[in-house]
Every structure is written in structure tokens, then in C-alpha cells.
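**Q** Here it is: the structure, laid out below.
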Amino acid sequence: MKNSTISRRNLLKLATAAAASSLGPFPTKADEASIVIGGLPEDANLDPGVITATDWAGLLRNIYQPLVYGGANGDVLPGLATAWKQLDPVTWEFTTRDNVQFHNGEKFGPEDVEFTIKRIVEGNLPLRYILSSVETATASGPNSVQIKLRAPAPLILKILNRIPIVQRASTKTSLVRQTNGTGPYKLEKWSPGDQLVLQYAPNYWGPKPSVKRVIYRSIPDANSLVAAFQANEVDLAVGLQPDAASKLSGSSALDIKAVDTDRTIFINIDNTAKPFDDARVRKALNLSLDRDALVRDILLGNGSPIANPCGPHYLGYNKSLKPQFDPTKAKELLKEAGLPNGFEFTLNAPSGRYMKDKEIAEAIVGQWSRVGINAKLVLMEFGTLMTGYRNHKLSPAYLIGVSQPDLDGAQFLTTVFNSAGSYFKDPELVAAIVEALKMADVSERRATIEKLNAEVFEKDAYVYLYLQKAIFGLSKKIKWTPSSNEEIDLASIELAS
Amino acid sequence: MILFLARRLFEAIAVLIGISLVVFVISRLSGDPAALMLPPEASDEDFAQLRHEMGLDQSLYVQYLTFASKAIHGDFGESIRNFVPATQLVVERLPATLLLACGALCIALTIAFPAGIVAGLNRGSIIDRTVMTFCVIGQGVPVFWSSLLLILFFSVHLHVLPTSGYGRLENLIMPASALGIYTAARLSRLVRSGVIEVASQDYVRAAHAKGLAVRDVVQNYVLRNALLPIVTVIGLDFAALLGGAVITETIFAWPGVGRLTVESITRRDFPVVQASVIMLAATYVVINFLVDIIYRFIDPRIKLR
């Protein structure tokens, strides 16, 4: 009897020891020059030719670099290319940067650009949807590469901003779980679902960043993220919710920063469905919404009402358009349209995709009901909504958020009014958008898009809502200004001394 | 015994085929992965072409046969989103899931047996009532809530444990406790009622009358006879811990299979969903089988047929 007890106890000890050792070495703790970011996007692949999700692609941009970087309002900044010129309508030549090394020590050259483009176009990788205007690329000299287009593409520089350059002879296997870029950081280690560690790449060609090591922690639960931030385990909390942000903002040890993103939330409507064929009814939809109240009461200030499809960083944003709120006028318009008692329709909306999307949709339905418009809200998970989007099943109305990485207003109008998700049928408008897309002259393009933005506002071709903000929490250890594109440029983070 | 094994194997195969069919059909009813992969401005032709490349334009029946013929050889296909074999993604999350389930079960057993036995032997006493009160609370409090309370108290307030994460033993303590306490509450009630039932049997009274120490009576007469139904429930609970710890895994940022499965469902990454669900189903089958074997050791009168 005694013996068996002892052996059982020993067994337990052994089991505990085994469990402890299976946990492996202690994970790396943050030291002076390293920071912890709370919020590792969920993904399980590091291949930059495969990743299209904006959050994960943004993370990879600290490792890989494009030929050129796209700035706000049509700006283009040098990346791995130092200069570029258009040889003819369908050929561009880029001068590649000298003295750039990949993290494995190999020299960067135009052949790497040729390889990257061909890999995506000929290999049919997911990034081909971005590169659809490109036919091929050829290294044309020791320091130059030519990119050949299928047709003139005024946005080509903006598009190349989204193509991270990989080293020639990279393969799927060499990129899936390892990295080899030219950027300021390289991968130290990665355990999917848990953490990803980046460290400064000593052979990086640009200025040395302040932060030498970054530990991204995966914290999918919003409350746990706040707890980790409060417990000082995290230096930068990504994607805080409005209520958490307002609760934390009182603390002097933490800094909360909310920034307008390039993502607009709006409602698409079907003008072929009654009564939305009547412009007065569409105007009533817009006039009856108090966007200031939506943003103030539900997003707790973390949004900016807007009357353009695209946000202010896009080429062609029309400053003169301001959101209007006039419920009395809305009621009159409904009466004029022969609907004094209002009407009913279905509003489709995603739940759990955008900041407080469900609550926003419910509040919109509530505001409409005050003028007699009775919307039946159908909430769905985002995957279901997108399946409906592709299969043209979201008529007569649905709420969605769109962000266009090229920051081009014509591209944005295309997504809203000339894509699989468009229900507002207006052939003249569509023709004008298609024309705008072709314009190569920036000032002409800007003026045309501004005019089109005013036109869709006048026609009430959609229900405009607001720009969504992104909320970040910063510990006292770092100084950083978030950018509107929802990416975290690690090199722009400074350690507070 | 051989007959028993053969029948069990046959049943297992039937269960797995059934599960694979259900998962296959249900996951495809709710949405289309191609719709989530394309940028919003992509055309209808892009969508049709991508669906064609992914084989989603074939009939469900053809898709299932293609899947099943590969799955038999252990090939569950490549993750739609990540271009890595689905089984690899699931297998690399398995250690975390096993660790959490074992940790939770250890905590549950350590609490449930002493508590249940003491309560059962002292039926109606203040001890019994206290234990039962805790059981009701333990079972009634949702895990997501108790998890958050644990984090707030031990991490944010006392700073003694990390809020979430994986890799160190101290990371395991809170998630295993949150799950373990819930399971312990269920098990204690079961142990208690088992003990009460057996303790009133003639042979137990006889054992007491012989003058055996209480400890020996409990260990050799009461517990051994009360154990059968408890083992069944432990087996089921363990299987549930393996598959159903999604909420705990999410709150504590634990990189387990449950979280992977849910993420894959939201992205409609069918191969990963299929691989993880079928693997979890296989675990259920294996655990049930082991429970049957354990039966025989506890009660030699049981013949496995």
C-alpha cells in the first residue's frame, strides 16, 4: 500500500517535470531596446506574394520593401527604386538603389524586381489581382528594370507600392516560414498563434531605427488586450475598442492615440428597387441620419462624419461636401414622394468586422424609424456578407467599410459604383468613372474625381456615414504617431529616453 | 477481445466518415472562401476564375470524393489562405491543446475527488453543503467571466501571473484553473452521489463492521465501485476539454486547435476546418475506446465484446 502511494507520487513528479520541459525554453522577455506589440494579426504564412490581408501585409512591410512608396494625395516616394520615368504609354523604367543587401547578404539588383513581378504574374499568386495591369518585367541594365503594362495604367506607381520585392530564386518553401527582405527588420522567430519576433537587420541600407527588437504577441480577445496593456506587458496595444480606450485614457502612465484611417463606412443602396428609384426617398435616407450622434454616442468619438465616398487622404477628395442632417426635411420629402407613412426595407450589415458595426447598424435603423423609415436589420458574419456581395444578394441595402490602399478616389468610386457590390445603376456615372480611371494627368484626374464625388452626393447615390478611427495604446516607453493606413511602420517608433 | 477491437474499429470508421461528410457540407453552406480572398473591386470573371482554380465550381459530390480519396491517405489538402498543408497547421497547435486539457483535468481531478468523497461521506453536514454550494457556483459561472476575473485579480491587480500567452508554466496556471474549476464542479457532484450510493451497500457496512480503517474502506470498497460512471464522464470531459476550449484559448491567447478551427471557419479555410474537426473527432473515438478498456481493469466482471 505504502509503496504504491510513493510510486504514484513519483509518477506525478515525473509528469510535472515532463510537462514543464515540453513547454520549452522561456520566451524572450522585453529588454531595453525591444518593445512588445499587443495584436499579432492571425495568419500562418510569411510569403509576401501570397498575403493580401492588409494587417498582415503591413507587418511584412517592415521586412520587405517595394520599389516605390505611395503617400497621401497622389505622392510617390522612393523605395528600392531611386528614380523612375515613363518611356512610352505602356513601359516604365526604374533605377534600382545601389548598395542594398538582402538580409542573407546577397546584393539587391534589377533581377530581383524582374523575378518578383514574374513570380506573381506567371505563378498566378494572389497578388496578381493587384498587378493585373502588368504584363512583365525585365532587367534592362545593371541598375535598371523595365516594367511592361498590358494597357496604360496611371496608378502603376501606387500599385507597385503594394508589391514587396523578394530575392531572385526565392521559392514557396523558402518564404513560407522564413524571411529574406531588404527592410529594417528581419524575422527572429515565429510561433503561429502565439508570438512573432522581429529584430533589426544590421545590413539594412537606411537609417538605424530606434527600436532594435519587436515582439508581436497574439492577443485575440479585446478584454485580455486591455488587461495586458494595464499590466504593462505590452508597449503598443493595437486595435483598442472605444469603451476600453475611454476607460484607459484617464491613466497617466498610458497614452491613447486615435487616428482617422482611410477606411470609410457607408451604405450601398439599390436604385432599381422601389422606392429607392425615387431620388427624394434616397435624399430622405441621408437627411434623417445624425452622423455626429452616431460617432459621439456609439464610437465615443472614434470616427469622423464624412460626405465623400473616400477619405481626405485620397486623390480627389471633395472638401466642400459636408454631411447634412435635417429630419423635418426628410419627412417632407417622403410625403412628396407619396410615402407619408414611410416604408419598409431590409438593411444587411456585418457583425464583428468594423468597430461597433452591429451597434452602429442598430442605431441607424433607430434614427430612420423616427422619420417613418422602417428598416429590418439583417446582421451577418463577414464571410456570409462577402459571399452575398460576390453573388449579388445584398439588395436593396447593405453596410460596408472600404479602404483602397492606392489612395485614389476614382478607384474608390469604382468599388462603390462599378463592382460586384454595386446596386446603384447609372450608366452615365459609370462611364464617367471609367474615364476618370484612365486619366494620367494628376490635376485633371483630381478635378474630375472631385466633381464625381459631388455628383454622387447630389444624387444621393449611397448613404454616406463616417471614417473609422484606429485606436492605439502606448506605454510611456515609446513615442509614436500612428498613420492613417492602419500599418505600423516599426522604424517610426521612438524609444522614450 | 479481437471481436471487440474489430467492431470498435468499424464503428470508428463509420463515425469519422459521417463527421467528415457533415463538416464538409455544413462548412460550404455558410460562405465562399473565394469571396473573402478577392479585393472588393475584383470582377465577376475574377471570382468565377478563382472559384474554378479552387475547384469550388464542381458539384459538392465531386468535391467530397476528391477530398475523401486524399484524406484516406492522410492528405487533407493545403490551407486555402496559407498554402501550407492543413494537417501541419493543426499538428503544430496540438501540443498547446493537449497541455491545456491535461492541466485542466489534473486540477479538476485534484479538487473533485477529495471534495466529492468528503461531501458524500458526510452527507447533509455543513461540509457537504459548502461543497455543493461551491459546485453550483463553479458550474453556474461562465468560463469567460471567471477567466476575466482571474486575469484582473492575479495579473492586473497583484502582478503575479502573466495576463495571457504561451510558453512558460506560469502561463498555464490561469487557463487550466478556469477550465479545471468548471470541470471539477461537475465531477465533484458525480463523485459525491456515487459515494453516497455505494456507502449504503451491505458490503461497505460489513467492511466497517470488520473494523477496517475508514481510509481502506473508502479506497478499496467505496471508490472502486463508484468509479465506473465517473470514469465515463472523465473521458467525456477530457474530450470536451480538447475540443471545446475555444473561449479559454481566445481569452488567454493560447495557441490551441480550437482557436485555429474558429479562425479557419471565419475565413472559410475548408481544408483546415476539415482537418481539425476530423482530428478532434478521432480523439473522441480514441478516448472512448480507452475508457472501455479502463472499465475492464476497474471491474474485471465486464467482458469486452
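**Q** Among residues belonging to region A:346-384 that are open to solvent by 40 Å² or more (accessible area, probe 1.4 Å) and part of a helix (DSSP H, G or I), point out the one that is nearest to the other protein chains (Cβ to nearest Cβ).
**A** Filtering first and then ranking leaves A:Thr384.
**Q** Let me ask something else. Which condition number does B:Thr87 fail, the rest of (1) open to solvent by less than 10 Å² (accessible area, probe 1.4 Å); (2) β-branched (Val, Ile, Thr); (3) within 20 Å of the chain's Cα centre (by Cα) being met?
**A** B:Thr87 satisfies all of (1) open to solvent by less than 10 Å² (accessible area, probe 1.4 Å); (2) β-branched (Val, Ile, Thr); (3) within 20 Å of the chain's Cα centre (by Cα) except (1).
**Q** Tell me which helices (runs of 4 or more DSSP H) are completely within region B:211-305 and hold 2 or more residues being charged (D, E, K, R) and touching a residue at least 24 places away in the same chain (Cβ under 8 Å), or say none if there are none.
**A** Here the list reads B:223-243.
**Q** Would it be correct to say that A:Ser252 is more than 14 Å from chain B (Cβ to nearest Cβ), part of a loop (DSSP other than H, G, I, E, B) and surrounded by fewer than 17 Cβ atoms within 10 Å (Cβ to Cβ)? Break it down into steps so the answer makes sense when it comes.
**A** Numbers: more than 14 Å from chain B (Cβ to nearest Cβ): yes; part of a loop (DSSP other than H, G, I, E, B): yes; surrounded by fewer than 17 Cβ atoms within 10 Å (Cβ to Cβ): yes.
Judged against the criteria, A:Ser252 is a match.
**Q** Among (1) open to solvent by less than 40 Å² (accessible area, probe 1.4 Å); (2) within 22 Å of the chain's Cα centre (by Cα); (3) within 14 Å of chain B (Cβ to nearest Cβ), where does A:Tyr185 come up short?
**A** Exception for A:Tyr185: condition (3).
**Q** With respect to A:Pro164, determine if the residue is closer than 22 Å to A:Thr54 by Cβ and away from chain B (no Cβ under 13 Å). Don't jump to the end; show me each part of the working.
**A** Working: closer than 22 Å to A:Thr54 by Cβ: yes; away from chain B (no Cβ under 13 Å): yes.
Yes.
**Q** Take the residues in region A:434-444 that are open to solvent by 30 Å² or more (accessible area, probe 1.4 Å) and aliphatic (A, V, I, L, M); name whichever of them is nearest to A:Asn318 (Cα to Cα). Lay out the reasoning, then the answer.
**A** Of region A:434-444, the ones open to solvent by 30 Å² or more (accessible area, probe 1.4 Å) are A:434-435, A:437-444.
Now narrow it down to the ones that are aliphatic (A, V, I, L, M): A:434, A:437, A:439-440, A:442.
Working: A:Val434: 19, A:Leu437: 17, A:Met439: 18, A:Ala440: 19, A:Val442: 15 Å.
Out of the qualifying residues, it is A:Val442.
**Q** Now a separate question. Looking at A:Arg296, A:Arg291, A:Arg282, can you tell me which residue is among the charged types (D, E, K, R), open to solvent by less than 40 Å² (accessible area, probe 1.4 Å), at negative phi and under 24 Å from the mean Cα position of the chain (by Cα)?
**A** Numbers: A:Arg296 fails: open to solvent by less than 40 Å² (accessible area, probe 1.4 Å); A:Arg282 fails: under 24 Å from the mean Cα position of the chain (by Cα).
Exactly one residue qualifies, and that residue is A:Arg291.
**Q** Okay, moving on. Take the residues in region B:57-80 that are crowded, with 18+ Cβ neighbours inside 10 Å and not polar (S, T, N, Q); name whichever of them is farthest from A:Ser133 (Cα to Cα).
**A** B:Ala71
**Q** Being surrounded by fewer than 21 Cβ atoms within 10 Å (Cβ to Cβ), touching a residue at least 60 places away in the same chain (Cβ under 8 Å) and among the basic types (Lys, Arg) narrows it down to one residue among A:Lys158, A:Lys172; which is it?
**A** Numbers: A:Lys158 fails: surrounded by fewer than 21 Cβ atoms within 10 Å (Cβ to Cβ).
After applying the criteria, what remains is A:Lys172.
**Q** Specify which of the listed residues (B:Val246, B:Val272) is open to solvent by 10 Å² or more (accessible area, probe 1.4 Å), assigned by TED's automatic domain parsing to the domain that holds B:Met174 and not basic (Lys, Arg).
**A** Values: B:Val272 fails: open to solvent by 10 Å² or more (accessible area, probe 1.4 Å).
On inspection, the qualifying residue turns out to be B:Val246.
**Q** Something else: If only one of B:Leu187, B:Leu150 is hydrophobic (A, V, I, L, M, F, W, C), within 16 Å of B:Gly103 (Cα to Cα) and assigned by TED's automatic domain parsing to the domain that holds B:Cys106, which one is it?
**A** Values: B:Leu150 fails: within 16 Å of B:Gly103 (Cα to Cα).
Going through B:Leu187, B:Leu150 in turn, the sole match is B:Leu187.
**Q** Just to be sure before I move on: is A:Pro340 farther than 20 Å from A:Thr54 by Cα and not in a helix (DSSP H, G or I) in the structure I sent?
**A** For A:Pro340, the condition - farther than 20 Å from A:Thr54 by Cα and not in a helix (DSSP H, G or I) - is met.
**Q** Out of A:Thr387, A:Thr415, which single residue is at the interface with another protein chain (Cβ under 8 Å from one of its Cβ atoms) and open to solvent by 10 Å² or more (accessible area, probe 1.4 Å)? Break it down into steps so the answer makes sense when it comes.
**A** Working: A:Thr415 fails: open to solvent by 10 Å² or more (accessible area, probe 1.4 Å).
Checking each option against the conditions leaves just A:Thr387.
**Q** Kindly check whether there is at least one residue in region B:48-58 that is touching a Leu at 6+ places or on another chain (Cβ under 8 Å), among the aliphatic types (A, V, I, L, M) and not assigned by TED's automatic domain parsing to the domain that holds B:Asp292.
**A** Filtering region B:48-58 down to residues touching a Leu at 6+ places or on another chain (Cβ under 8 Å) leaves B:50.
Then keep just the ones that are among the aliphatic types (A, V, I, L, M); that gives B:50.
Now restrict to residues that are not assigned by TED's automatic domain parsing to the domain that holds B:Asp292: B:50.
Yes: region B:48-58 contains one or more residues that are touching a Leu at 6+ places or on another chain (Cβ under 8 Å), among the aliphatic types (A, V, I, L, M) and not assigned by TED's automatic domain parsing to the domain that holds B:Asp292.
**Q** What is the one condition in (1) at positive phi; (2) surrounded by fewer than 19 Cβ atoms within 10 Å (Cβ to Cβ); (3) within 10 Å of another protein chain (Cβ to nearest Cβ) that B:Gly124 does not satisfy?
**A** B:Gly124 satisfies all of (1) at positive phi; (2) surrounded by fewer than 19 Cβ atoms within 10 Å (Cβ to Cβ); (3) within 10 Å of another protein chain (Cβ to nearest Cβ) except (3).
**Q** Any residue in region A:35-51 that is within 21 Å of A:Ser210 (Cβ to Cβ) sitting within a Cβ distance under 7 Å of a residue that is of a type in the set (Lys, Arg) and part of a loop (DSSP other than H, G, I, E, B)? List the pairs, counting only those 6 or more apart or interchain.
**A** Close Cβ pairs satisfying both conditions: A:Ile35/A:Lys477.
**Q** Next question, about the same structure. Given B:Ser193, B:Ser164, which one is within 30 Å of the chain's Cα centre (by Cα), touching a residue at least 60 places away in the same chain (Cβ under 8 Å) and in a helix (DSSP H, G or I)? If you could, list the steps in order and put the result at the bottom.
**A** Details: B:Ser164 fails: in a helix (DSSP H, G or I).
Answer to the check: B:Ser193.
**Q** For region A:413-441, what are the residues that are touching a residue at least 24 places away in the same chain (Cβ under 8 Å) and among the hydrophobic types (A, V, I, L, M, F, W, C)?
**A** Within region A:413-441, the subset touching a residue at least 24 places away in the same chain (Cβ under 8 Å) is A:413, A:416-417, A:420-426, A:429, A:436-440.
The answer is A:Leu413, A:Val416, A:Phe417, A:Ala420, A:Phe424, A:Leu429, A:Ala436, A:Leu437, A:Met439, A:Ala440.
**Q** How many of the residues making up region B:40-98 are within 21 Å of B:Ala282 (Cβ to Cβ), small (Gly, Ala, Ser), free of Cβ contacts under 8 Å to residues at least 12 places away in the same chain and facing chain A (nearest Cβ under 8 Å)?
**A** 0
**Q** Also: Scan region A:60-94 for residues that are in contact with a Gly (Cβ under 6 Å, 6 or more places away or on another chain), hydroxyl-bearing (Ser, Thr, Tyr) and part of a strand (DSSP E or B) and jot them down.
**A** Hit for region A:60-94 is A:Tyr69, nothing else.
**Q** If you don't mind, another one. Could you identify the single residue in A:Thr82, A:Thr95, A:Thr54 that is open to solvent by 10 Å² or more (accessible area, probe 1.4 Å) and within 14 Å of another protein chain (Cβ to nearest Cβ)?
**A** Details: A:Thr82 fails: within 14 Å of another protein chain (Cβ to nearest Cβ); A:Thr95 fails: within 14 Å of another protein chain (Cβ to nearest Cβ).
Testing whether each residue is open to solvent by 10 Å² or more (accessible area, probe 1.4 Å) and within 14 Å of another protein chain (Cβ to nearest Cβ) leaves just A:Thr54.
**Q** Give A:Ala461, A:Ala431, A:Ala420, A:Ala447 a once-over and let me know the one that is open to solvent by less than 30 Å² (accessible area, probe 1.4 Å) and modelled with pLDDT of 95 or more. If you could, list the steps in order and put the result at the bottom.
**A** Details: A:Ala431 fails: open to solvent by less than 30 Å² (accessible area, probe 1.4 Å); A:Ala420 fails: modelled with pLDDT of 95 or more; A:Ala447 fails: open to solvent by less than 30 Å² (accessible area, probe 1.4 Å).
Criteria check complete, one pass: A:Ala461.
**Q** Scanning for something charged (D, E, K, R), in contact (Cβ under 8 Å) with a residue 24 or more places away in the chain and within 14 Å of another protein chain (Cβ to nearest Cβ), does region A:58-70 turn up at least one residue?
**A** No, region A:58-70 contains no residue that is charged (D, E, K, R), in contact (Cβ under 8 Å) with a residue 24 or more places away in the chain and within 14 Å of another protein chain (Cβ to nearest Cβ).
**Q** Also, quick follow-up: When only residues in region A:210-219 that are out of contact with any Asp or Glu (no Cβ under 6 Å at 6 or more places or on another chain) and surrounded by fewer than 21 Cβ atoms within 10 Å (Cβ to Cβ) count, which is nearest to the other protein chains (Cβ to nearest Cβ)?
**A** A:Arg213
**Q** In the list A:Ala228, A:Ala139, A:Ala151, which residue meets the criterion of being assigned to a loop (DSSP other than H, G, I, E, B) and in contact (Cβ under 8 Å) with a residue 12 or more places away in the chain?
**A** A:Ala151
The values are calculated or read from the model by the stated rules, or taken from the named source; none is laboratory data. If you're wondering where the values come from, they're calculated on a predicted model, not measured in any experiment. A quick note on method: Cβ atoms are made from the backbone with ideal geometry, for glycine too, and the neighbour counts reach across all protein chains shown. Surface accessibility is based on the protein's heavy atoms, side chains included, excluding ligands, DNA and RNA. Shrake-Rupley method; radii C 1.70, N 1.55, O 1.52, S 1.80 Å.
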